[in-house]
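The values are calculated or read from the model by the stated rules, or taken from the named source; none is laboratory data. A quick note: this is a predicted structure, and the numbers were derived from the prediction, not measured. Here the Cβ positions follow ideal geometry from the backbone for every residue, glycine too, while neighbour counts run over all protein chains shown.
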């Protein structure tokens, strides 16, 4: 089992719809969870982080964490073509000197 | 803050040549990471440092790869000799609690 898994893509949604990106992790002791966005040809960019169970909202983005189910998700409301990118889930193990484990990424395409 | 700085941004070299990639982390960050990204293998962690000390180099593919961090504001990743299969984008990231990535170096080994 891979340490961090993401739903296979590519994921296509129409403009204005909600995009749902999912991530599961195997290390039950993980404490910190991150979502990065990577445009083609660019470097990963941090867009959200979450530490506690529940929801965390930032503009059109909502991160959801369920530690019991070892599941973290990212919802993008009112999706825009500019949201088209690869989204990387990253999980920090309990003791790691800030090392994170990245998932393989999910490619999102928002269709105008 | 200028963010993580990497140089060169692009490098084209011939097989067998030495390649040196450079990174300047964000001031105040105490961890530094080197990643490699390809379409086939995704984002791979090669090595990371904490307070200039290498913590985990298990991702370094082979002895041809080496990395140093002589001080808190500079790190290098060296490939000697380079091979075509080393062609990839190499990212440096630094963190205090959260990792921030540099723009990357696109390496093409002919």
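Would you check which residues across segment B:43-68 are more than 12 Å from residue B:95 (Cβ to Cβ), assigned to a strand (DSSP E or B) and within 11 Å of the chain's Cα centre (by Cα) and list them?
Within segment B:43-68, B:44, B:45, B:46, B:47, B:65, B:66, B:67, B:68 meet the criteria.
Would it be correct to say that residue A:43 is within 14 Å of chain B (Cβ to nearest Cβ) and modelled with pLDDT under 95?
No; evaluated as a whole, the condition is false for this residue.
Go through (1) closer than 25 Å to residue A:86 by Cα; (2) touching a strand residue (DSSP E or B) at 6+ places or on another chain (Cβ under 7 Å) and name the single condition residue B:41 misses.
Of (1) closer than 25 Å to residue A:86 by Cα; (2) touching a strand residue (DSSP E or B) at 6+ places or on another chain (Cβ under 7 Å), only one is false for residue B:41: (2).
Among what's in segment A:77-102 and is assigned to a loop (DSSP other than H, G, I, E, B), crowded, with 18+ Cβ neighbours inside 10 Å and at pLDDT below 95, pick the residue that is nearest to the other protein chains (Cβ to nearest Cβ).
Looking at the filtered set, the residue picked out is A:98.
Looking at segment A:1-24, which of its residues are closer than 19 Å to residue A:47 by Cα and in a strand (DSSP E or B)?
If the condition is that a residue be closer than 19 Å to residue A:47 by Cα and in a strand (DSSP E or B), then A:4, A:5, A:6, A:11, A:19, A:20, A:21, A:22, A:23, A:24 are the ones that fit.
When you scan segment B:69-109, how many residues do you find that are at the interface with chain A (Cβ under 10 Å from one of its Cβ atoms) and surrounded by fewer than 22 Cβ atoms within 10 Å (Cβ to Cβ)?
Within segment B:69-109, residues that are at the interface with chain A (Cβ under 10 Å from one of its Cβ atoms) and surrounded by fewer than 22 Cβ atoms within 10 Å (Cβ to Cβ) number 7.
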